[in-house]
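**Q** Have a look at this one.
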């Protein structure tokens with residue numbers, strides 16, 4: 001596989017809603033055995049994941065203004081969003097710090113995509129939400145990078161012992 005195609009793959013994994021940095025970093029390790037290339041590829045995946053929140057939050061505003069004009073569907077959408085916002089008062093109590101922690105936990109269904117949707121539904125200020133999500137992505141990146149590197153070192157130690 002061409003080197004540029006490997007880097008593009010890592011960027012797309014960082015951008016993708018399912019994988020984000022949780023998938024981009026281990027894939028970078030699998031595609032790039034050289035430590036320098038691995039770190040560069042991981043950083044490219046991080047940049048892709050950092051690009052998600054500002055774009056998604058911007059687009060959600062545009063989608064809502066479009067859907068609201070669709071008659072019954074628009075009214076239904078507005079009611080569902082209003083109910084979700086009212087019922088989210090318990091969750092919104094944690095606000096921006098809670099959003100950061102939510103995004104930082106590198107598990108399925110957490111991350112920049114879901115964090116952006118949560119911030120939008122809760123009606124959190126976009127600028128503060130983006131900062132919280134970006135900080136969460138950086139924390140998740142650090143956790144996944146550490147686990148990937150440490151995991152390889154542990155595997156090397158195990159196989160050297162046997």
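The values are calculated or read from the model by the stated rules, or taken from the named source; none is laboratory data. Not measured: the values here are computed from a predicted model. Note: ideal-geometry Cβ built from the backbone for every residue, glycine included; neighbour counts use all protein chains shown.
**Q** Among the listed residues 65, 78, identify the single one that is at pLDDT below 85, over 18 Å from residue 126 (Cβ atoms) and in a helix (DSSP H, G or I). Break it down stepwise before answering.
**A** Values: 65 fails: over 18 Å from residue 126 (Cβ atoms).
Residue meeting the stated conditions: 78.
**Q** Only one of (1) loosely packed, with under 13 Cβ neighbours inside 10 Å; (2) under 16 Å from residue 116 (Cβ atoms); (3) in contact with a helix residue (DSSP H, G or I) (Cβ under 9 Å, 6 or more places away or on another chain) fails for residue 97. Which number is that?
**A** That leaves (2) as the condition not met.
**Q** Same structure again: Out of the residues in segment 115-130 that are in contact with a helix residue (DSSP H, G or I) (Cβ under 9 Å, 6 or more places away or on another chain) and free of Cβ contacts under 8 Å to residues at least 40 places away in the same chain, state the one that is farthest from residue 85 (Cα to Cα). Steps first, answer last, please.
**A** The first filter runs over segment 115-130 and keeps only residues in contact with a helix residue (DSSP H, G or I) (Cβ under 9 Å, 6 or more places away or on another chain), leaving 115-126, 128-130.
From what is left, the residues that are free of Cβ contacts under 8 Å to residues at least 40 places away in the same chain are 118, 122-125, 128.
On the way: 118: 10, 122: 5, 123: 7, 124: 10, 125: 14, 128: 18 Å.
Taking the candidates together, the pick is 128.
**Q** Also, I was wondering about something else. Give the residues of segment 4-25 that are surrounded by fewer than 15 Cβ atoms within 10 Å (Cβ to Cβ) and either modelled with pLDDT under 95 or closer than 15 Å to residue 103 by Cβ (or both), sorted by residue number.
**A** 17, 18
**Q** Somewhere in segment 140-154, is a residue touching a residue at least 60 places away in the same chain (Cβ under 8 Å), outside any helix (DSSP H, G or I) and either surrounded by 16 or more Cβ atoms within 10 Å (Cβ to Cβ) or more than 10 Å from the chain's Cα centre (by Cα) (or both)?
**A** no
**Q** Only residues that are more than 10 Å from the chain's Cα centre (by Cα) and not in a helix (DSSP H, G or I): list them for segment 1-25, please. Walk me through it before giving the result.
**A** Here is the first cut: in segment 1-25, the residues more than 10 Å from the chain's Cα centre (by Cα) are 1-13, 23-25.
1, 2, listed by residue number.
**Q** Any idea how many residues of segment 26-62 are more than 21 Å from the chain's Cα centre (by Cα), assigned to a helix (DSSP H, G or I) and exposed (fewer than 12 other Cβ atoms within 10 Å of the Cβ)?
**A** 2
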